[in-house]
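What follows is a set of notes on a single structure, which appears directly below.
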Amino acid sequence: MSEQKIDGFELKPGFKGMASDTGSDQTMFKGVHWGKAMMWIFLLSDTFVFSCFLISYMKGRGSTIVDWPNTSEVFSLHVGGVPVPLLLIAIMTFVLITSSGTMALAVKYGYEKNRKMCGWLILATAVGGLTFVGMQVFEWSKLIHEGVRPWGNPFGAAQFGSFFFMITGFHGFHVSIGVIFLFIYTYKVFAGHYDSKKRGWFTKMKGDYVEIEILGLYWHFVDLVWVFIFAFFYLW
Amino acid sequence: MSEEYDNNKSYQAQSSEVLDGSAGSINPDMDYVRPAEIPEQDLYHAHSFIEKWIFCQDAKVIGVQYFLTAVFTGIVGLILSWLMRLQLGFPELAGFMTAEHYYQFVTMHGMIMVVYFLTALFLGGFGNYLIPLMVGARDMVFPYVNMLSFWMFFVAVAVLMASFFVPGGPTGAGWTLYPPQTILEGTPGSGMGILLMLISLSLFVIGFTMGGLNYMITILQARTRGMTLMRMPLTVWGIFTATVLAMLAFPALLVSAIMMTLDKVLQTSFFMPTILKAGEVLEYGGGSPILFQHLFWFFGHPEVYIVALPAFGIVSDLISVHARKNIFGYRMMVWAIVGIGGLSFFVWAHHMYVSGMNPWFGFFFATTTLIIAVPTAMKVYNWILTLWRGNIRINTVMLWCLGFIVTFVNGGITGIFLGNVSVDVPLSDTYFVIAHFHMVMGIAPLMVIMGAVYHWFPLVAGKMLHEGLGKWHFWITFLGAYSIYFPMHYLGFIGVPRRYFEMYDSPYMTSAVGMNEFISIAAFIVGAAQFILVFNIIKTLKTGKKAEQNPWKANSLEWYTSTVPPEHGNFGERLPVVHRWPYDFSVPGAKDDFIPQTTAPSEVANTEVEKT
Amino acid sequence: MHAGIIFLLVIVGSVLFHIFTPWYWTDIASNWGGMDSTITLTFWVGGGVFVAVCLFMVYCVFRYSHKEDRRAEYKPEDKKLEKILTWATTLGVAALLAPGLIIWNQYVNVPKNALEVDVMAWQWGWQYRLPGADGKLGTTQVRNIADNNPFGINPDDPFGKDDIMIESDVINLENNRPVKILLRSVDVLHNWYVPQFRSKMDAVPGTVTFYWFEPNKVGEYEVLCAEYCGVGHYAMRGGVEVQDKADYEVWLSEQETFQQLSARYEKLNLDGNKLAKK
């Protein structure tokens, strides 16, 4: 299953056409690679995971009796003695969004079989992801240093720390998994595994540049989730 | 290289090629099937014992592995139920059992049967074995991930079983694991037991996600030529919809498991309000126990249908094959499955009518719950209308199907009691609930599993199970199970609450001592009767009659493999091409009373077959 | 053939069991007779469907069992029949749903004149509190709970002073007077359930839940916990005694208020100190 062929298939117009295309034989999503379809469905499932986390967070935050900590103070960084709210988080967000851009470019060069550019861009994405994780580690240690714990904190409701560490931790875990794969793919691209169709060490399946797009989907998703976490934790 | 892998034979049967085999006299276009969109699947053939039978990537072997592991947990669950019934029926004989033990058995029995037995058996077991065969694929689309899925499940089971041996024993919080009691002292196994349970559940979810992606993509993107969605057997529809539900419902379980683990290990207070325990105020405060219930039942209710929908699908196929009649109202059946699946996400709080949530939710959830009764009733009508004017073989498989209809209708109707909010008030948390859900999602799906075992055993093992033993197995199981759960509803009417270790001298229970003894005896017999099947399987494998290909004269693709049992790659040189739905039984004018899915229209040109 | 007969016997047996069962609900002792009627209605409609479906199935087994020389009918769909069945089912379901919702509406709307009874649950027992002369319960907090303040009433709350504390796991109620049960828990989930009253609701720690009923039969009833609450769940019992107005008032006058209770404890403490000094 390397390349897609949809010989003699034209998508039919209108709602009826869509219904008959969807219900037609062999594939429902015409010309969509298996791995890509899998990633989309996995991301749908993962969306439910993050939604459950965020809805629980909203419910938890909405029903505490103790006041919620003032987020613009708690998350602020002191630059030359002046507290700047949202500074660190703005940089983190910028880095992550930028890495999404490099990822998109890597996919483009991958399909153009431009091995060098593709490899460097994936590496750049990986480095961006690593920077993000590093900054998150910095933020966590700063908060822990200030006394924020999962079971309580000096600023207000105990649930603040619980939800913050759990949700950003779960997101950071996603980013870290992504970074690991980005490094593996960097190696695979530079080693030319996708050009030679070398079989994977574990899965014994042939490599193809479409895998970069699949990883890209995951990476953009992790980015998108971050935007929601950013909005719900730092702006609310 | 060439030995290990299929050389990507990108074979594309053009329409002219198909025509060569057909009778020339008729309109040649009628046999046209679009050429292949996707090239042949790249398969890795195992070449060592370990790759073939242990870390195997063949979906059929994985299916059997899932099946056996699930049956093992099922037997553990069965033994636990015996112990519970011993305590309830004959407490004087169960002197070794403390209340702690009893609650641990209740909890583990429930969790094992719902998640590790039924879910794994239907989706992991039947799903893996049947999906690729029924849709005409060589294997699941990601064989390696599929293998990981099973081993993740295996580890989850191992962790679950390990909890029997840790200090404090397994958790005794009830399978719903309601906080705060789940992680507080006063509930057995609130230390290591609950922790292992939560870890095991998380592993199960991860493992299942891997498998579920496979089932979905195989069904959506890897069907053979001519296999349109509306030509898929209902088994595939049932498993597919159940998988979709699982992919969207298990996240809620994962999240609640993570949050509860943190509450337990790090003293966070997601679900924990201020609690006074033995005169001391605990470290917790500000959390919401009801939030857990919402998350749990957002998973828990679709879970019911994750078990039920594959059973619906499988039983439809079995009834159709053995009644020699097309399934009545196929399209209605498909839409009912999909509709039930969709609605099942909007009914979860009917488990929480008396939980203390906002009472106004009751109106909404009672309405949605009763709406779901409509498509479910349609399915029942269509099953019995399939029997009507059929040509019914009363063999073991059909008996299980008939048993399913009786128990399912019975359990479905008691569901209308419990779903109808104010009727639920007196009945909730009583034995009525126990009787209801055992009838509808315990016994009824079990009937289907047994029917499916008798039906597909010739395919999996190549030998026919013994009919006489099968009938004994059925009658003891059906009559026994029915006499366990039918009277049990009346305990609920009396008002006997569930999860009672003993009743003291309450008038509610003392009036029903005789019934409890009767139920317990029936439970022992039904449990023991399951070993008839074990014996039957062992005997058949040793000395059984060899099965011919397609012994039931069915139409669906799994019976048309190149060898029986099918080998890796399923269909030999060429994938089958599908021309019709799998329910063309007893078509007027046809020579046999069945037309396989692979039969081209021109071969049966002078029959009155309807276009599907 | 014998298969059909056995299935037939199962159905007949089920019906006979229902008619002759010695096990059925306890005599109702509250205003929720509507719940019983809805159950009965659902029972006959549902039971009718069950019997009809199963009898039809048995008929098919008898009539259409396998013969080599016969062919089944070939008719993939019957749109008209399916439509009729769908609408009939929908109507039936709606007919069952309507009374259920009407009674639920009564259940969640508490009458104005209902007497509030504060039920506090803990592992594993019950305690009760009634509003005093002012008709209002004092506010509470779990952290205030102590021997001299079993409900954790805020000492500064004036409404709390005259609250009547019941030093027993049996609560007396006045016959024919609506009662609003306020449920609280200090540790885990519980559920205050009297089968004869038909009604129930969970007690959830961290919040106050409620339901109401109107006892209408004088007598003593057993309270059961109906939500699993740990290892002592099955033993968590209490009691209710429904009395006529006169008897009830006598009983009420014998109960202690929160103020009296506090005073008693203070005195105990003083006495204890005196004893210690001697």
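Every number here is computed from the coordinates shown, using simple stated rules; none is lab data. This structure is a prediction, so every number in the text was calculated from the model and none was measured. Note that we place each Cβ from the backbone using ideal geometry, even for glycine, and neighbour counts take in every protein chain shown.
Each 10 Å bin from 0 upward holds the following percent of the Cα-Cα pairs of region B:102-165: 18, 43, 25, 12, 3. Projected onto its three principal axes, the C-alpha set of region A:13-99 covers 66, 36, 25 Å, listed from the longest axis down.
For A:VAL84, the residues 5 or more places off, or on other chains, whose built amide H falls under 5 Å of its own are A:LEU77, A:HIS78, A:VAL79. Scanning chain B for DSSP H helices at least 24 Å long along the axis (C-alpha atoms) with a Kyte-Doolittle mean no lower than -1.0 picks out B:59-89, B:143-162, B:192-221, B:234-265, B:289-322, B:361-387, B:396-419, B:444-461, B:467-494, B:513-543.
In loop segments of region C:209-278 as defined by DSSP, the GluC sites (Glu not before Pro) with at most 15 further C-beta atoms inside 10 Å of their C-beta are C:GLU254. Taking every residue in C:46-55 and counting other chain Cβ atoms within 10 Å of its Cβ, the average works out to 5.
The simple spin-label model puts a point 7 Å past each Cα toward its Cβ; for B:ILE75 and A:LEU44 those points are separated by 3.9 nm.
What is the magnitude of the charge dipole of chain B about its Cα centre, with +1 placed on the Cβ of each Lys and Arg, -1 on the Cβ of each Asp and Glu, and no other charges, expressed in debye to the nearest 20?
Dipole magnitude for chain B comes out near 960 debye.
What is the diffusion coefficient of region C:115-272 in µm²/s, taking the Kirkwood radius over Cα pairs and the Stokes-Einstein relation at 20 °C with a viscosity of 1.002 mPa s? This corresponds to a translational diffusion coefficient of 134 µm²/s.
Once the gyration tensor of the Cα atoms in chain B is diagonalised, the equivalent ellipsoid follows with semi-axes of 44, 27, 23 Å, ordered largest first. Counting beta carbons within 10 Å around each of B:MET260, B:MET210 and listing the fewest first gives the order B:MET210, B:MET260.
Here is how the number arises for chain B: DSSP H runs of 4 or more residues each give -39500 (n - 2.57), the sum is divided by the residue count, and the result at 222 nm is -19000 deg cm²/dmol.
Remark: relative contact order (chain B) = 15 percent; criterion is Cα-Cα distance under 8 angstrom and separation of 6 or more residues. Using the charge dipole of the protein assembly as shown (Lys, Arg: +1 at Cβ; Asp, Glu: -1 at Cβ; taken about the Cα centre), state which of C:GLY232, B:PRO188, A:ALA124 has its Cα farthest towards the positive end. Of the listed residues, the answer is A:ALA124.
With respect to chain C, whose longest principal axis is taken over its alpha-carbon atoms, helix C:33-63 is tilted by about 20°. Taking the centroid of alpha carbons for each part, region B:558-606 and region B:281-297 are 55 Å apart. When the Cα positions of A:ALA106, C:ALA146, B:GLY110 are compared along the charge dipole of the protein assembly as shown, A:ALA106 comes out farthest toward the positive end, with charges on each C-beta of Lys, Arg, Asp and Glu.
Every Cα-Cα pair of chain A was included, and the share exceeding 23 Å stands at 59 percent. Taking C:LYS67, C:LYS112, C:LYS83 in turn, the Gaussian network model of chain C (Cα-Cα springs below 10 Å) assigns the largest fluctuation to C:LYS67.
How would you rank C:201-210, B:72-81, highest first, on the average number of other Cβ atoms within 10 Å across their residues?
Sorting C:201-210, B:72-81 by mean packing, highest first, produces C:201-210, B:72-81.
What trypsin sites (Lys or Arg not before Pro) in region A:130-236 are in a loop by DSSP, with at most 13 other Cβ atoms within 10 Å of the Cβ? Hits after loop and neighbour filter: A:LYS197, A:LYS198.
The Cα atoms of the protein assembly as shown give a gyration tensor whose axes a ≥ b ≥ c have a/c of 1.5 or more with a/b no greater than b/c, which makes the shape oblate. Anything over 28 Å Cα to Cα? Flag those among A:LYS36/A:LYS188; A:LYS12/C:LYS80; A:LYS36/A:LYS204; A:LYS36/B:LYS60; C:LYS161/C:LYS217, in the order listed. Going by Cα-Cα distance, A:LYS12/C:LYS80; C:LYS161/C:LYS217 fall outside the 28 Å limit. Across all directions, the shadow cast by the convex hull of chain C built on its C-alpha atoms averages 22.9 square nanometres.
The fewest-to-most ranking of C:TYR24, C:TYR211 by surrounding Cβ atoms within 10 Å reads C:TYR24, C:TYR211.
Given +1 at the Cβ of Lys and Arg, -1 at the Cβ of Asp and Glu and no other charges, the dipole of the protein assembly as shown around its Cα centre is 2220 debye to the nearest 20. Per-residue Cβ neighbour counts within 10 Å put B:THR598, B:THR386, C:THR21 in the sequence C:THR21, B:THR598, B:THR386, beginning with the fewest.
Dipole orientation for region B:519-581: of the candidates B:TRP559, B:ALA529, B:ASN570, B:ALA529 has the Cα lying most toward the positive pole (charges on Cβ; Lys, Arg +1; Asp, Glu -1). Could you give the nm distance between label points at B:ASN606 and B:MET30, where each point is 7 Å from its Cα heading toward the beta carbon? Here the answer is 1.2 nm between the modelled labels.
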